[in-house]
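Here is the structure we will look at.
The values are calculated or read from the model by the stated rules, or taken from the named source; none is laboratory data. All figures in this text were calculated on a predicted structure; none of them were measured in a lab. Quick reminder, even Gly has a Cβ in these numbers, built from the backbone with ideal geometry, and neighbours come from all protein chains shown.
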Amino acid sequence: MMRSSLLRLLFFSIWTVAFADLAEGATPTESKNPVGLVAMSAHEAVLYAWAHQPTLQAMQARVEVAKRSASLLRAEWLPQLGATAQMFGGTMNNTTAMFLGAKSVDLPRIGASKSGADIGLGDVYPSTLVAVGLRQTLFDFGRMTTQAEVVDREVQITGHRVIEERLALGLQIETSYYAVLAAKAVESVAADAEARATLRRDMVKAGVQRGLRPAIDVTRAEADRTRFEVARLRAHGNVELTQATFAAAVGVPERLLDAVDRESDPQMHDPLLLPLGDAVRTAMEQDPAVQVALQRLLQQQAAIRATTMQWLPTLQLTASLSGRAGGAPTNAGPSGVSGLMPSVPNWDVGVILSVPVFDGQILARRAHSQAQEVVLRYELDAQRRQVLANVQRSYTAFSMAKESLEALGAAAEAARQNYDQASARFRVGLSTSIELADAEALRTEAEMQMVMGRFEVARARAQLNRSIASGL
């Protein structure tokens with residue numbers, strides 16, 4: 001009885017601990033035996049997810065956005081060409097023409113003669129302008145180069161975040177993949193146990209009919225068979241739960257996705273591990289979270305340099321070609337020009353040197369950036385410590401899982417031998433049905449533990465690979 005209670009608790013504990021996190025949010029499907037169920041290996045599932053998962057596609061699109069931002073900054077080196085056409089009516093008490101400044105069109109006040117001295121506010125004349133202007137940065141003393149370094153770091157940060165998303169997705173897919181395989185193996189163990197219990201019940205019935213067994217053995221055998229039938233049904237439901245979780249992780253349109261082992265499983269057959277020191281060094285060099293923290297620090301340092309470079313001057317070229325006219329009379333009298341047609345041509349070429357003398361905002365921004373740099377240094381150190389802890393934890397977990405798997409294999413083999421001996425004794429009438437039921441429960445428990453041990457090895461290996469930014 002105690003052995004039967006332990007077996008019943010085993011079914012509940014296995015699925016609660018191993019698959020609760022994987023099946024969260026998943027619901028059993030309506031069909032118990034889906035026809036044409038799609039199946040993928042772990043490698044195929046990861047490749048499919050990389051090509052179709054919306055979250056990963058969004059991260060990859062952000063890389064393109066960051067690249068466009070870098071191009072936007074470098075576009076400041078391109079020339080700016082602008083044009084304007086203007087017509088005004090108003091008093092002309094200073095010149096014979098008037099206009100407003102336009103972007104990229106620099107217009108010195110040339111080409112208009114002085115108007116008459118007796119012009120007042122009531123004298124209104126037209127003024128027209130058509131112009132084309134060019135502005136080109138000649139030299140910025142490295143200011144835009146340092147600004148470009150800031151946005152280039154953002155491109156690298158976004159790229160590392162894509163790698164981080166791929167690794168997280170790969171871990172989720174691997175774990176759900178091995179969960180499906182484990183669920184199917186548990187279902188197979190439960191089905192075998194039910195088949196053996198059914199055979200034992202039939203043997204007990206035959207013995208009761210011949211008067212070789214008491215009638216109570218039949219009810220006990222039937223109770224054992226029913227318990228294993230319930231375990232098989234629950235195991236089948238868990239298969240569908242893990243298949244639904246696997247499908248959601250991969251991003252396939254189907255409601256269920258089966259797992260198939262189409263290649264050799266290095267997680268199970270390769271006992272070699274990197275030395276812990278090499279694993280830590282690999283993690284520090286490849287872990288995307290560490291790289292993101294490092295690039296953030298380098299980006300902030302570049303931002304400090306870019307802010308300081310705002311004190312440097314800028315040298316620009318400007319040129320314009322215009323036609324202007326004003327209708328106000330000059331000191332010599334009316335010119336006969338209406339001012340409605342921009343008939344007076346002008347051109348100009350110049351070089352402009354802009355020098356910032358003092359800007360308190362530049363000093364404040366630099367001080368803010370320097371304070372942020374200190375924060376990022378601490379965050380980088382904290383991230384490295386976190387990676388070190390993850391590697392140590394996953395390394396130890398995988399080693400323990402491998403060692404436990406060897407012991408579970410020996411226990412499963414001993415339990416099968418014990419069942420064979422008990423079954424042989426039962427057939428010749430040397431043992432009771434209770435002894436055989438106890439041997440059956442011991443065997444089923446050992447086989448279940450073996451299945452879960454293999455799953456733990458696979459999951460621990462996947463987590464170890466993730467901690468050193470490796471694996472699928």
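Taking residues in region 161-186 that are farther than 16 Å from Arg459 by Cα and of a type outside the set (S, T, N, Q), and partners anywhere that are modelled with pLDDT under 90 and not in a helix (DSSP H, G or I), the pairs with Cβ atoms closer than 9 Å and at least 6 places apart or on different chains are Ile163/Ala469; Glu164/Ala469; Glu165/Gln53.
Scanning region 182-201 for residues being under 34 Å from the mean Cα position of the chain (by Cα) and crowded, with 21+ Cβ neighbours inside 10 Å gives a total of 3. Selection of region 187-206 for residues being of a type in the set (Gly, Ala, Ser) and either on the phi > 0 side of the Ramachandran plot or in contact (Cβ under 8 Å) with a residue 60 or more places away in the chain (or both) yields Ala190, Ala193, Ala197. From Leu312, Leu353, which residue is surrounded by 14 or more Cβ atoms within 10 Å (Cβ to Cβ) and either closer than 30 Å to Glu76 by Cβ or among the β-branched types (Val, Ile, Thr) (or both)? The conditions single out Leu312. Kindly establish whether Gln80 is of a type in the set (S, T, N, Q), more than 30 Å from Ser320 (Cβ to Cβ) and modelled with pLDDT under 90. No; evaluated as a whole, the condition is false for this residue. Take region 205-221 and flag every residue that is part of a helix (DSSP H, G or I) and under 14 Å from Thr432 (Cα atoms). Within region 205-221, Lys205, Gly207, Val208, Ile216, Asp217, Val218, Thr219, Arg220, Ala221 qualify. Residues in region 54-64 that are touching a residue at least 60 places away in the same chain (Cβ under 8 Å) and more than 13 Å from Leu169 (Cα to Cα): Gln60, Arg62, Val63.
One line per residue, one yes/no per condition, for (1) touching a helix residue (DSSP H, G or I) at 6+ places or on another chain (Cβ under 8 Å); (2) touching a residue at least 60 places away in the same chain (Cβ under 8 Å):
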residue	(1), (2)
Leu363	no, no
Arg366	yes, yes
Arg385	no, no
Ala389	no, no
Asp420	no, no
Arg425	yes, no
Met448	yes, yes
Gly453	yes, no
Ala462	yes, yes
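Scanning region 267-282 for residues that are modelled with pLDDT under 70 and surrounded by 10 or more Cβ atoms within 10 Å (Cβ to Cβ) turns up Gln267, Met268, Asp270, Leu273. So, in region 443-472, of the ones that are hydrophobic (A, V, I, L, M, F, W, C) and in a loop (DSSP other than H, G, I, E, B), which residue ends up nearest to Tyr395 (Cα to Cα)? Looking at residues that are hydrophobic (A, V, I, L, M, F, W, C) and in a loop (DSSP other than H, G, I, E, B), I get Ile468.
Within region 283-308, residues that are in contact (Cβ under 8 Å) with a residue 40 or more places away in the chain and over 30 Å from Ser394 (Cβ atoms) have Cβ atoms under 6 Å from residues that are among the acidic types (Asp, Glu) and surrounded by fewer than 21 Cβ atoms within 10 Å (Cβ to Cβ) in these pairs: Gln300/Glu373; Ala302/Glu149, counting only partners at least 6 apart in sequence or on another chain. Per the listing Ala148, Ala168, the residue uniquely under 14 Å from Leu298 (Cα atoms) and not aromatic (Phe, Trp, Tyr) is Ala148. I'd like to check something: does region 423-442 contain any residue that is within 38 Å of the chain's Cα centre (by Cα), over 30 Å from Asp106 (Cβ atoms) and assigned to a helix (DSSP H, G or I)? So far as region 423-442 goes, no, none of its residues is within 38 Å of the chain's Cα centre (by Cα), over 30 Å from Asp106 (Cβ atoms) and assigned to a helix (DSSP H, G or I).
Filter region 202-222 for residues that are surrounded by fewer than 14 Cβ atoms within 10 Å (Cβ to Cβ) and among the aliphatic types (A, V, I, L, M); which is nearest to the chain's Cα centre (by Cα)? Filtering region 202-222 for residues that are surrounded by fewer than 14 Cβ atoms within 10 Å (Cβ to Cβ) and among the aliphatic types (A, V, I, L, M), the one nearest to the chain's Cα centre (by Cα) comes out as Ile216.
On the stretch given as region 368-383, residues that are farther than 30 Å from Asp278 by Cβ and either of a type in the set (D, E, K, R) or free of Cβ contacts under 8 Å to residues at least 40 places away in the same chain (or both) total 5.
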